[in-house]
Each structure stands twice: as C-alpha cells, then as structure tokens.
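> Just dropping this structure here.
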Amino acid sequence: MSRELLLLRHGKSDWGVDVDDYQRPLKNRGKRGAQRIGAWLQQQELIPDFIISSPAERALGTAQKCCKAMGIGAKQIHHDERVYLATLKQLLKVLAECPTAAQRVLLVGHNPGLELLLEYLSDAPIEVPEDGKLMPTATLAQLAMPEDWRKLESGQAKLLQLTRAIDLPQKFRFPSPDGKDLRDRPAYYYTQSAVIPYRVHNGRLEILIISSSSNKHWGIPKGIADPGHSLQESAHNEAGEEAGVEGQVEQEAIGGYSYPKWGGDCSVTVYSMAVTRELPEEEWEERHRGRQWVSAKEAATLLKHKQLGPMVIKLEKRLMD
C-alpha cells in the first residue's frame, strides 16, 4: 500500500439558522475544529495533494478552513455534488475517478456515507469509542490504500488513525511559519492586506472610510490574505465585502504597518485603489457598516491606525501635485 486517503467529516453545523439543509453553515466551534484538523495535518506532514469536498455549505466551509490552516488555497478544492448525502456506491465512484498521481487524497463529506465507506474499506473491525460515535463532526480518518482505486473491494485499506478535533488540546495553538512560536490562529491570519479606496471628485481627492463592525472607529477595507490569492486580490475582495466598492488596485504597495492580535503581530500591506463602482446597498455584503467619503486630511485624522495617515497624505501628494 502506497497511497493514502483522508476522510474528514464536516465540522459542527449551526441548526439555529433558518436555511435548508444544503445551506446550513458551520458554528464557530465547527470552524475552529476544521482549523485544528488542518493545523494538525500540517504538523504531521500529512498535506494532501488532491482535495474533494461536498459543496454543501458546512462541508465546503470545513474544507476551506482546513486547507487554509495547512497553507493551501481554497481554489484547489474540487467540488463534487455526488459527495453530498452520498451512498457508499457513490463515494466509491468518486474515489475511482481520483487521479492516480495523487498520493494522498482528502475527502470532506457527511455521515452516514463516510462511516459506511470507512467500515467498508477497513481490513479489520473498527472499535467504536465509548460515546458510540465512530466519526462525529470534525473527525479525520487516515487510511493506507492500495495503489489502484478504480474498483475498491471491501477490506482493501488499513485504518492508521482516527483523530477528533475535540480531542486536540482545548487551547490548541498554531505554529508560526518558522515553527518557533505557537499562536492563537493559523499562520495565514497574520498576513493581511488593505486598500485605501479613493476618487477624485470636483478636483479634490476623496478617501472612502468605513466603520468597524462595532461602529466604534473608522478604518479602511482590510482582511486576511487567503492562501492562493495575492495580497492585491485579497485586498480587492475586502473592498467589495467591507466597503461595497470595486476598482483598480495598484500593484505597488503604498506602505504597511503591524498591530498585535491573536497572540502575535499582524502584518498589513496597504495598497491604493481607484474606485470605479460603488455598489448599491442591496449588493453590499457588509452594509451594516457605515461608509463615508472624506477629504484626505479628514481621513488621516479619523483613521484608527495612525500609521495610515502619512500614507493617505502621500497618496494625495502623488495624485494631486
């Protein structure tokens, strides 16, 4: 046996949301569980080279959180409708179509299908834990598999280990990129990017500032740079979500700053963005925020992170002189 299969059941989902089963999201506990499994896979050097997920919200969210914690971009996840509420036969067909070059495959899905697949493939009876749950939410099964998956028979795999996110340390900490420190969030959380959205209106430079989620201070669109996206792409996405604007992000950064959070220092690279479209309220994802066009001088005064003030003035000087 030389290939491996990782089976991951989605994290704890939120039954308090009034949506259909397919759209049911993860609870915060479910998100954290997916991140812990991802960080654990990275620490164990069990990074998959092919990833398949059910497109249902709770499964796809699990796959995304897990992959990002491993440093893998969500773009690498293959969505397969057959995995949603799949039968054993359907899951075997999905595995049969995995590329033979993939030496370690991660399949993210649902029960009872995953448990049926695990029991079918295992070459020995699996001892069920005392709580009676073989694969509760955010549980990962690692199996040694035969080389050929085109027609898998019963008992062809060996279960190497079952890992539950809930059994990992309660205050699970994530390694920094150099492995020297442990921090409160996956490594990618600490690399961020932001944009200063601007327009020239009546011969004057104006800056779009947005309120924080709590409406306690003013800032600019900023967020975590997702693995698989450039800093500019991530910043552009944040502008759309947080400020409801689209535009052209410059390739060269205008500056940067850092701030303490999650037991470490977040590094923010800042770009300027010429706004080409302001989304209407109904298209603005985070319309609970306030947004306001102000002069460069006002923005430099109002922005919470004072390191942004000189960048705004620098932008005004470059564009208006």
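The values are calculated or read from the model by the stated rules, or taken from the named source; none is laboratory data. The shown structure was predicted, so the numbers you read here are calculated from the model rather than taken from an experiment. All Cβ positions, even for glycine, are placed from backbone atoms using ideal geometry, and neighbour counts span all protein chains on display. We work out accessible area using only protein heavy atoms, side chains counted, and drop any ligands, DNA or RNA first. Shrake-Rupley method; radii C 1.70, N 1.55, O 1.52, S 1.80 Å.
> Under 8 Å between Cβ atoms, at least 6 apart or on separate chains: pull out the pairs that start in the stretch 5-24 with a residue that is under 23 Å from ALA96 (Cβ atoms) and end on any residue that is of a type in the set (Asp, Glu) and outside any loop (DSSP other than H, G, I, E, B).
Filtered contacts from the stretch 5-24: no entries.
> So which of GLU233, GLU241, GLU246 is without any contact (Cβ under 8 Å) to a residue 60 or more places away in the chain, open to solvent by 30 Å² or more (accessible area, probe 1.4 Å) and not in a helix (DSSP H, G or I)?
The match here is GLU246.
> Right, here's the next one. If you scan the stretch 65-75, which residues turn out to be open to solvent by 30 Å² or more (accessible area, probe 1.4 Å) and outside any helix (DSSP H, G or I)?
Across the stretch 65-75, the qualifying residue is only GLY71.
> Which one of ALA96, ALA101, ALA138 is open to solvent by 50 Å² or more (accessible area, probe 1.4 Å) and small (Gly, Ala, Ser)?
Unique residue meeting the criteria: ALA101.
> Please verify whether the stretch 16-34 includes one or more residues that are within 23 Å of LEU160 (Cβ to Cβ) and either at pLDDT below 95 or within 15 Å of the chain's Cα centre (by Cα) (or both).
yes
> Could you please find all residues in the stretch 161-207 being open to solvent by 70 Å² or more (accessible area, probe 1.4 Å) and in contact with a helix residue (DSSP H, G or I) (Cβ under 6 Å, 6 or more places away or on another chain)?
The answer is PRO177, and nothing else.
> So how many residues does the stretch 284-321 have that are buried (at least 18 other Cβ atoms within 10 Å of the Cβ) and either over 27 Å from the mean Cα position of the chain (by Cα) or not in a loop (DSSP other than H, G, I, E, B) (or both)?
Of the residues in the stretch 284-321, 10 are buried (at least 18 other Cβ atoms within 10 Å of the Cβ) and either over 27 Å from the mean Cα position of the chain (by Cα) or not in a loop (DSSP other than H, G, I, E, B) (or both).
> Within the stretch 76-89, is even one residue in a helix (DSSP H, G or I) and either aliphatic (A, V, I, L, M) or open to solvent by less than 70 Å² (accessible area, probe 1.4 Å) (or both)?
Yes; the residues of the stretch 76-89 include at least one that is in a helix (DSSP H, G or I) and either aliphatic (A, V, I, L, M) or open to solvent by less than 70 Å² (accessible area, probe 1.4 Å) (or both).
> Then there's this: Sort out which residues of the stretch 1-11 are modelled with pLDDT of 95 or more and either outside any loop (DSSP other than H, G, I, E, B) or open to solvent by 40 Å² or more (accessible area, probe 1.4 Å) (or both), and write them in order of number.
ARG3, GLU4, LEU5, LEU6, LEU7, LEU8, ARG9 - these are the residues of the stretch 1-11 that are modelled with pLDDT of 95 or more and either outside any loop (DSSP other than H, G, I, E, B) or open to solvent by 40 Å² or more (accessible area, probe 1.4 Å) (or both).
> Among the residues in the stretch 208-229, are any touching a residue at least 24 places away in the same chain (Cβ under 8 Å), open to solvent by 20 Å² or more (accessible area, probe 1.4 Å), touching a Leu at 6+ places or on another chain (Cβ under 9 Å) and among the aliphatic types (A, V, I, L, M)?
no
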